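J.: One structure is given below, represented as structure tokens, and several questions about it will come after.
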Amino acid sequence: EVKRDPKVQVARLKLPILGEEQRIMELVNENEFLIVAGETGSGKTTQLPQFLYEAGYAEHKMIAVTEPRRVATVAMAARVGHELALSSKEVSYLMRFEGNVTKDTKIKFMTDGVLLKEIQSDFLLSKYSVVIIDEAHERSVYTDILLGLLSRIVPLRRKRGNPLRLIIMSATLRIEDFTENTRLFKEPPPVIKIDSRQYPVTIHFNKHTYSDYLKEAFRKTVKIHTRLPEGGILIFVTGQQEVKYLVRKLKASFPYRKDVDYSKLITKTKPINEADAALDSEPDDIDSDDDEVEKEMKRAKKARRKAKQKIKTLPKINLDDYDMPDDDGQADLVDNDDESEGHLSDSDAEEDTLTPTIKSCRQPLWVLPLYSMLSSSKQAKVFAPPPVGARLCVVSTDVAETSLTIPAIKYVVDSGKKKMRVYDHVTGASAWRIVWTSQASAGQRAGRAGRVGAGHAYRLYSSAVFQHDCPPHHPPDLCRRPVDDLVLAMKCMGIDKVVNFPFPTAPDRMQLRLAEKRLETLGILEKPEVKKKKVDDDDMLKVTPLGKAVSAFPLLPRYGKMLALSHQQNLLSYTIALVSALTVPEVMSGKPDSWPATGHTLLLGDPGVLLRAVGAAEYAYVKGEEELFCAKYGIREKAIKEIRKLRKQLTSEINLSVAGVDVTIDPEMKPPNDNQARLLRQLVLSGLGDQVGRKIGLDEVKEGEDKRKFKYAYHCGELEEPVHLHSESILRKTIPEWVVYQELYETGAEERRKMVMRNVTAIEPEWLPVYVPQ
Ligand code: ADP
Ligand code: MG
């Protein structure tokens, strides 16, 4: 039935998983649950859907494959379609904002968030015969919840005589989390391990750990390229900007020119022995003491009681099929701090101390970037062989760790770092931090060098760092981030006792409670009054009608709330634009002073500036001048494009689901007038009501303290230390008494560390439902 291209067939036969097809299919046919574990590159993602397809699992229903990363969703759908010689109409993908699913789709690749959203409208997943949860070891939040839900859905489907299969695919990492968790699976599911030919990889640690790992990565790559034999190089760094920087620097050092026939120029590099492969590095003492910064602030005296929002009229919103926000790739977009990545500046790229060594080598490097947000066509380049005479060099974020297998890599250069969003569970403040990878990740990264033959992995840090600073594993995402949206989604699915949910690794109970508290404060959950008896059990919190409306939006609950309420005041089109802008990270750097604001428009603060930026950018877009406009005002073009997609999506969903509403996106959206801006300020408060700040009066500053440090300082809730207006905040012009903020984050290192409020709006104290004076 399947007519594969002979070339494809040859390549498939080399994959270790092919030898296991029969055994795998027997296990699938006989079991509802199956775990397939195998090294990256063994053929799990590309082959298993094909086995199922050929065994007839797509005849009446679809085969679902979930991926935690958008990159893999697109790439793998394309690859499997190609291998099966089927079109994208039959092997399709779906993720937020994008997809090519048709009524003829047989195999559907999707991001895990999309499948979770589908469960909300079709709990039994009746469209599917098999669900494959891929990359389960990544332990993404949605994957973890899907596993918990599917452990219950599968038996339900069996009872209805309409069985569903669940296949969990994973790199060979911590399978016990799935097999030994009896709440998840009473009987441990069968595990099939794919043995893959993995050639030995020699690990080389640096003697010293340099703080500038980009410089070190560059140095090491130059050494490999100029001294070691043929073989592709794969470099791991932490984010998009670092990737681009290294790509630029390496390309400039070993340029590839189309007009040169390199096959004649290459001087054969001598084979080297193992000792030579241990490229030396120079000593450098960069250790600095981690002195605890003494906190000098007095304790904030008051704590405001949580605001309880009263909602009078609620818009009715039909609960339809909405996508969930997808965190994937954002790590690439957001930097933890303005000051932290100074080494990425252009001037630094020019400065090049290594030029002398480079000139002696003429072989070009074929340098390719790889990160989540890269366009699919550019991503696809890494799978193609480099031009004759050039050496392949891929600079990647951790997407190349397990999601995508790049062929012909012999050398891995590992910075040992990754970008991770770190949350403060008490304050809700978050920051992107560059942290040490886990030992497990380091092993995965090194393994990339041993796919085609013996390889070498260069870790740009010492073995002491590996032993003492790299944790064996990082905790799963679900245990590291606030879970408000998940608690709401689960409650909407009828899972009242969220603490009893069969999570693969349960988040801290405290976290679940805090999320419930916040949702209660926002009026999204409430305690039902059971026969006048006060209910103390938080498990009993129910979704309010507002909460139901909110959960329909593909947004965090607080933004969903702003949208749900804006219906009443005819502010929908402003709120859609505002919420879209607030949920896309890093829209603009700096504040365009050329957009003056007064009165309520000024007090709307940074969200007001965002709103005008979005409006003006849209206008420029219509006139075909978007690029110019963005460059002129320091606006990130990609952010504007994403905001546009989100506005379109939200607008059409609202038009479809709210009766009598017909919002259009006005490309000439005028800035809100004074009255509208006042209403918008209240709306912003309705969503951010648990994040209020009050100006610290200079008379409150302790004797001996530098008063200048408190110019923009605020008290926030129960926080002891002051928080400050963002240096780019437009509200620095007026320094209002009361504010709400979108986000708290930490900036600066050591003594300069401070807490900063981002996207701040001024509010009036009388708008606060409960105001407790000192
Ligand atoms: P796993 O899921 O077990 O990590 P995959 O199924 O992703 O393995 O990969 C199997 C093989 O298919 C790898 O050798 C990989 O390089 C190759 N491959 C995947 N996608 C492509 C592509 N688009 N073009 C060429 N080869 C590919
Ligand atoms: Mg895979």
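The values are calculated or read from the model by the stated rules, or taken from the named source; none is laboratory data. What you are looking at is a predicted structure, and each value in this text was computed from that prediction instead of being measured. Please note: Cβ atoms are built from the backbone with ideal geometry, for glycine as well, and neighbour counts cover all protein chains shown.
J.: Could you list, in sequence order, the residues of the range 683-699 that are at pLDDT 90 or above and surrounded by fewer than 17 Cβ atoms within 10 Å (Cβ to Cβ)?
T.: Answer for the range 683-699, where residues must be at pLDDT 90 or above and surrounded by fewer than 17 Cβ atoms within 10 Å (Cβ to Cβ): just Gly697.
J.: Moving to a separate point now. Given the criteria more than 16 Å from ligand 1 (Cβ to nearest atom), part of a loop (DSSP other than H, G, I, E, B) and touching a residue at least 60 places away in the same chain (Cβ under 8 Å), does Leu146 qualify?
T.: no
J.: Go over the candidates Ser88, Ser42 one by one and state the one that is within 16 Å of ligand 1 (Cβ to nearest atom), within 26 Å of Asp477 (Cβ to Cβ) and part of a loop (DSSP other than H, G, I, E, B).
T.: Ser42
J.: Which residue pairs have Cβ atoms under 8 Å apart, sit 6 or more places apart or on different chains, and have a first residue in the range 122-135 that is within 14 Å of Val36 (Cα to Cα) and in a loop (DSSP other than H, G, I, E, B) and a second that is among the β-branched types (Val, Ile, Thr) and at pLDDT below 95?
T.: From the range 122-135, the pairs are Glu135/Thr143; Glu135/Thr402.
J.: When only residues in the range 394-408 that are of a type in the set (Val, Ile, Thr) and within 16 Å of ligand 2 (Cβ to nearest atom) count, which is farthest from Thr172 (Cα to Cα)?
T.: Among residues in the range 394-408 that are of a type in the set (Val, Ile, Thr) and within 16 Å of ligand 2 (Cβ to nearest atom), the one farthest from Thr172 (Cα to Cα) is Ile406.
J.: Right, another one. Return the pair list, or none, for Cβ contacts closer than 9 Å from residues in the range 656-681 that are more than 17 Å from Leu611 (Cα to Cα) to residues that are at pLDDT 75 or above and assigned to a loop (DSSP other than H, G, I, E, B), at least 6 apart or on different chains.
T.: Ser657/Ala552
J.: If I ask for residues that are polar (S, T, N, Q) and under 29 Å from Arg647 (Cα atoms), which ones from the range 84-133 would you list?
T.: Ser88, Ser92, Asn100, Thr102, Thr105, Thr111, Gln120, Ser121
J.: Right, here's the next one. Looking only at the range 536-573, which residues are part of a loop (DSSP other than H, G, I, E, B) and modelled with pLDDT of 90 or more?
T.: The one that is part of a loop (DSSP other than H, G, I, E, B) and modelled with pLDDT of 90 or more: Thr544.
J.: Let me ask another. Identify the residue in the range 106-121 that is among the β-branched types (Val, Ile, Thr) and buried (at least 24 other Cβ atoms within 10 Å of the Cβ) and, among all such residues, is nearest to Leu650 (Cα to Cα).
T.: Top of the filtered list is Val114.
J.: Filter the range 371-393 down to residues that are under 15 Å from Leu234 (Cα atoms) and surrounded by fewer than 14 Cβ atoms within 10 Å (Cβ to Cβ) and give me whichever is farthest from ligand 2 (Cβ to nearest atom).
T.: Applying the filter and picking the extreme gives Pro385.
J.: Just the residues that are among the aromatic types (Phe, Trp, Tyr) and in contact with a helix residue (DSSP H, G or I) (Cβ under 7 Å, 6 or more places away or on another chain), please, taken from the range 34-67.
T.: Phe51, Tyr53
J.: Report, by residue number, each residue of the range 22-40 that is at pLDDT 95 or above and polar (S, T, N, Q).
T.: Residues satisfying the conditions are Gln22, Asn29, Asn31.
J.: Ok, one more. Applying the selection to the range 59-100, what residues are within 16 Å of ligand 2 (Cβ to nearest atom) and aromatic (Phe, Trp, Tyr)?
T.: Correct list: Tyr93 only.
J.: Within the set of pairs 6+ apart or on separate chains, which have a first residue in the range 385-411 that is at negative phi, a second that is of a type in the set (Lys, Arg) and more than 10 Å from ligand 1 (Cβ to nearest atom), and C-beta atoms under 6 Å apart?
T.: Once the first residue is at negative phi and sits in the range 385-411, its partners that are of a type in the set (Lys, Arg) and more than 10 Å from ligand 1 (Cβ to nearest atom) give Asp398/Lys418; Glu401/Arg445; Ser403/Arg69; Ile409/Arg448.
J.: A follow-up question, please. Is it the case that the range 410-426 has a residue that's within 16 Å of ligand 1 (Cβ to nearest atom), modelled with pLDDT of 95 or more and more than 22 Å from Gln241 (Cβ to Cβ)?
T.: yes
J.: Could you tell me how many of the residues in the range 472-512 are polar (S, T, N, Q) and part of a helix (DSSP H, G or I)?
T.: Of the residues in the range 472-512, 2 are polar (S, T, N, Q) and part of a helix (DSSP H, G or I).
J.: If you don't mind, another one. Say we look at the range 182-219 and pick out the residues that are under 28 Å from Gln467 (Cα atoms) and among the polar types (S, T, N, Q); which of these is nearest to ligand 2 (Cβ to nearest atom)?
T.: It comes out as Ser196.
J.: Yes or no: Gly56 away from ligand 2 (no atom under 14 Å from the Cβ) and in a loop (DSSP other than H, G, I, E, B)?
T.: Answer is yes for this residue.
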